[in-house]
Amino acid sequence: MEQDKLLRKIKKLLALSKSTNPHEAASALAMAQKLMAENQLNQSQVEFSQAHAKQKTAMKSARYVHMLISVITKAFGVEGYLSNAYPGNDYGENKMHVVFYGAEERPEIASYCFDVLYRRLQGARKAFLDTQSKHLKRSTLIARGDSFCEGWVVGVNQNVKQFAMTPEEKQKMETYKAEAFKKKKWIETKIREKGNSKDYGLAQSEGYKQGKEVTLNHGVNGKETVKLGVRK
């Protein structure tokens, strides 16, 4: 049985184990425990999961990408890292993507929201750069685009509330991290810093103004539909 299908089945059985019907609850719990034992899974491996975002970034990702990841982790009570590999692939790509991990369905929601926001940010960046002089050097245009993006992410962050994790959830997260990544070899991620935009902060200011118009909301405990939109 594929890992994702297995985990979904176990989660469904654990949900049924809370049934008010004693026989149904006991049967579901016994089946869940049996599957966990057979597949050498513990509670944290069942409760926690990872989700790979679809949007790709450069191997040396711009600082605003890391800033956007921080906004998403703050909003949904997850953690994330950049990777160039997908599960089941023997070789890495020459592009990076974000992997979010956390409890319940939060990583999936976080991944979806990152993709939506990243696409919107790239669209806003392009529209902004279209307003700039065609006589500017390429390095200056890149710097202004990066400044705009950093301002945009800071603007979005103003509308995001910190996801309140309980001490128990934080402890479970640490347990999951220790178990899930004990064999992973971490390397320091390279970050591309913005250059000199030569515009006295105007690009960043415009990005901030536009980013503040983006709203990012989640339901109680991150369990409801995410609403992502632009305020009018």
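At a glance:
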item: Gyration tensor (Cα) of the chain, equivalent ellipsoid semi-axes in angstrom; result: 40, 20, 13
item: Probe 1.4 Å, accessible area per residue of the stretch 60-159, Å²; result: 43 Å²
item: Extension reserve of the Lys209-Leu129 stretch, reckoned as 0.36 nm per residue once the Cα distance is removed; result: 27.3 nm
item: Solution diffusion estimate, µm²/s, Stokes-Einstein, the stretch 99-207, Kirkwood Rh from C-alpha pairs, 4 °C, viscosity 1.567 mPa s; result: 77 µm²/s
item: Over the chain: helical MRE at 222 nm, DSSP H runs n ≥ 4 each giving -39500 (n - 2.57), nearest 500; result: -16500 deg cm²/dmol
item: Order by protection proxy (mean Cβ within 10 Å, highest first), peptides 155-165, 125-135, 139-149; result: 139-149, 155-165, 125-135
item: Residues Lys56 and Glu174, FRET efficiency given R0 of 41 Å [Cβ-Cβ distance, rounded to 0.05]; result: 0.90
item: Spacing of the two label points (7 Å from each Cα toward its C-beta) at Leu202 and Ala25, in nm; result: 6.7 nm
item: Rg/Rh (Cα only; Kirkwood hydrodynamic radius) as it applies to the stretch 52-155; result: 1.02
item: Accessible-area composition of the chain, carbon plus sulfur, in percent [1.4 Å probe]; result: 51 percent
item: Alpha carbon convex hull of the stretch 1-77, projected area averaged over orientations, nm²; result: 7.4 nm²
item: R0 of 41 Å, Cβ-Cβ distance Lys190-Leu6: FRET efficiency to nearest 0.05; result: 0.70
item: Rg to Rh, two decimals, where the stretch 135-194 supplies the alpha carbon set and Rh follows Kirkwood; result: 1.20
item: Degrees separating the helix 63-76 axis from the principal Cα axis of the chain, which is the longest one; result: 40 degrees
item: Neighbourhood charge, 9 Å Cβ-Cβ cut-off, centred on Ala103 and excluding it, Lys, Arg +1 and Asp, Glu -1; result: -2
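The values are calculated or read from the model by the stated rules, or taken from the named source; none is laboratory data. Quantities reported herein were computed from a predicted structural model and do not represent experimental measurements. Methodologically, a virtual Cβ is constructed for each residue, glycine included, from the backbone with ideal geometry; neighbour enumeration extends over all protein chains shown. We work out accessible area using only protein heavy atoms, side chains counted, and drop any ligands, DNA or RNA first. Shrake-Rupley method; radii C 1.70, N 1.55, O 1.52, S 1.80 Å.
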